[in-house]
Amino acid sequence: MKKLASGLLILCFILCICAAVQAEAATLTFDTDSLTLSVGRYITMTATVSPYGAIREGATYSVSDDSIASVDKAGKVRGLKAGECMLTAVSKYDETVSVTIPVTIIQPAKKVELTAGDSGVAIGGTLQLSAVLSPEDTTIQTITFSSSNESILTVDADGLVTGISRGTATVTATSGDGKASDKLRITVKQSPEFVTVSPDTLSLVEGKTGQLQADVSPSDADDKSVLWTSLDESIATVSARGLVTGVSYGDTVIIATCKDNKTPRISFWFPCTSLPPISRLSRTAIASKRATLYSCAIRSPPPKRPANPYPSHRRIRRLRPSMNTAWLRHCERGPQTSP
């Protein structure tokens, strides 16, 4: 009898426990409030179920848009295309109990292409970088920039590089989702600050040449190359090494510009005058009212008698338009000796 009574007590105790468990309400939760997943990637989302009886039953899973994401019976979620949908888990123990979280599927960046218009930047100068994400429909379009050595160069959020000191540093561009990046090495150099040319002026006869020398400062500039140009090549031309050749009568300007710094303040304007040959000087002067007569080009000595009131061997600076034709011809022919 005692054994029977003990058995009945144990049975009653078990029944009471089962009744209490069945009376407890079921709950269902996810470990996170939202889910972000890349296209082609997957993750298992298992819902936490209680009480014990509900755990044994488990849960069912579904998504609101199966073109954006898919989910299997074990809760494995896979991203199919960029977009948003909802993930829902329903308790099998009590189908009135469920939990839902938002799911965002993103198109990740596969490549970042970082480019610049130049491989270097001057101290104190700036260089704009360009970064392009691939594919074009990448969901997160932001790009972050960083410098490997900010004592050499810095880069802002828009990719603008500023040279700080001489040296080489690496700029890294990283996609907003952290899936892709690219790097670019940039050299900070000392650019020329000004250039001077010697001699101060240059006068050439047609067909003759004269050499110009350019002095670039500061002395530690990385590139001291100079570009030479003539403002009027019909008067004088200049070679890549600064050799000037007179072409025709007139004045022009030779310009020396630093190759590594082409700003206007780094150019030197140098005056150059080209003169005609000596045999043409007098005729050139006579033909123009404003021209300057440098020489009459008469080599014969002046006569002793009669005295020539207009000695042609002297330098005549200017001719007046009012001077008569006979006097002009006299200058061209020179003094005539009597037989």
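Numerical summary
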quantity	calculated
Percent RCO, i.e. relative contact order, over segment 59-150, from Cα pairs under 8 Å lying at least 6 residues apart	21 percent
1.4 Å probe accessible area per residue over segment 60-156, in Å²	54 Å²
Counting DSSP beta bridges with both ends in segment 50-195, the antiparallel % (nearest 5)	90 percent
Heavy-atom accessible surface of segment 105-187: percent carbon and sulfur, 1.4 Å	47 percent
Cβ-derived FRET efficiency at R0 35 Å, Ile140 paired with Thr29, nearest 0.05	0.75
Student exercise, segment 110-263 dipole from Lys, Arg, Asp, Glu Cβ charges, in Debye to nearest 20	440 debye
Karplus-derived 3J(HN,Hα), 6.51/-1.76/1.60, for each residue of segment 210-225, Hz, glycine and proline x	x, 9, 10, 10, 9, 10, 9, 10, x, 5, 9, 4, 5, 10, 9, 5
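The values are calculated or read from the model by the stated rules, or taken from the named source; none is laboratory data. Because the structure is a prediction, the values reported are computed rather than measured. Using ideal geometry, Cβ is built from the backbone for each residue, glycine included, and neighbour counts are taken over all protein chains shown. Surface accessibility is based on the protein's heavy atoms, side chains included, excluding ligands, DNA and RNA. Shrake-Rupley method; radii C 1.70, N 1.55, O 1.52, S 1.80 Å.
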